[in-house]
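These notes concern the structure reproduced below.
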Amino acid sequence: MKVGLLTGGGDCPGLNAVIRAVAQRVSNEGGSCVGILEGWRGLVQNISRPLEINETDGIIAKGGTILGSSRTNPFKNPERDLPAVQANFKALGLDALVAIGGDDTLGVAHRLHKEFGMPMVGVPKTIDNDLMVTDFTFGFDTAINIVTEAVDRLRTTTESHRRIMVVETMGRHAGWIACFSGIAVAADYVLVPEVPIDMPHVIDVLKRRRESGKNYAIVVVSEGAKFPDKGMVTLEADVDAFGHVRLGGVGNVVAEQIEKATGYETRCVVLGHIQRGGPPSAYDRVLATRLGLAAGDLVIQKRFGTMVALSGTKIIETSLASGVAATKTLDLAYYNEAAAFFR
């Protein structure tokens, strides 16, 4: 059996652990793996490389992906790209393909299986933890730990200068990163996409904190947090191959409004891609390895059109269709717990 692997969309810590696990499981059964480079672009343009066990064995600690990634969508130019995808799949002699990615990458895998019968297995990935099909995604734990470490460092300079620091995290449609990291760093306020920004309340809380003797404050805001009258803050009108606008700037807007209303010096730090980088946490290495092994099992059993997911503590099999059915927004029970500290 010859199995292709690709990683699509935004990179995250843990991808290499999945690659390692799939390659090992397939090798154990006498098969071999081929890395499709740069996501779906690699299958469109026939860019690949062999994946040997001696090469993949030591990559578990590396962040990012040794295969590279892109946001290429072969369904954007179907007349040109879809025939190339099918032809290159056949030319490489593949018996199956494991697609590792978020809803966009898995959505392409689902359509290729449904519309063309291509043998696909999916592995969910996103630091945003916003895939409905799985309880948690690898990369999320690492991301919130990175945010926590960054804010712990920012706290000392913020306190020294008696400032308010607004920290913008990733999270387009779901506030998991902002909420979990906000709780972990004892943020004075947390703003998430699921709850409209209430600036009068934010300002009231910060003023009361200052009047009570706390001479600095930390506000954590998700990039997708929305103002009631403006919606999300975007950087540009252009969209990517999957129709997503580029977000950014909400942290600066919040900081400007806080400083204007309170008179307290306020700064904004956008953590951006720092949250995606670096080695994965131990939890993410273990979760990614378990998902990769399970995906390898599905390939060996020829259970195509499926994907693996975490349910409780167990790795389960589900359909690719369920992986792209809906966005998993933040469970507001977590937000209510965070909000206990800024009422």
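The values are calculated or read from the model by the stated rules, or taken from the named source; none is laboratory data. Small disclaimer: the values here were computed from a predicted structure and weren't measured. All Cβ positions, glycine included, derive from the backbone under ideal geometry; neighbour counts span all protein chains shown.
Below is a table of values for the structure above.
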| quantity | calculated |
| --- | --- |
| Any chance Asn54 is out of contact with any Pro (no Cβ under 9 Å at 6 or more places or on another chain) and either assigned by TED's automatic domain parsing to the domain that holds Val286 or not acidic (Asp, Glu) (or both) | yes |
| Condition met for Ile36 (surrounded by fewer than 21 Cβ atoms within 10 Å (Cβ to Cβ) and not small (Gly, Ala, Ser)) | no |
| Output for region 60-103, where each listed residue is hydroxyl-bearing (Ser, Thr, Tyr) and surrounded by fewer than 20 Cβ atoms within 10 Å (Cβ to Cβ) | Ser70 |
| Residue list for region 188-217, filter: more than 14 Å from Thr262 (Cα to Cα) and in a strand (DSSP E or B) | Tyr189, Val190, Leu191 |
| Selected residue (only one of Gly10, Gly4 is in a strand (DSSP E or B) and either buried (at least 21 other Cβ atoms within 10 Å of the Cβ) or touching a residue at least 40 places away in the same chain (Cβ under 8 Å) (or both)) | Gly4 |
| Candidates Asp128, Asp152 - the one that is within 16 Å of Ile274 (Cβ to Cβ), assigned by TED's automatic domain parsing to the domain that holds Lys90 and acidic (Asp, Glu) | Asp128 |
| Strands (runs of 3 or more DSSP E) enclosed by region 222-312 - at least 2 residues per element that are modelled with pLDDT of 90 or more | 266-270, 306-311 |
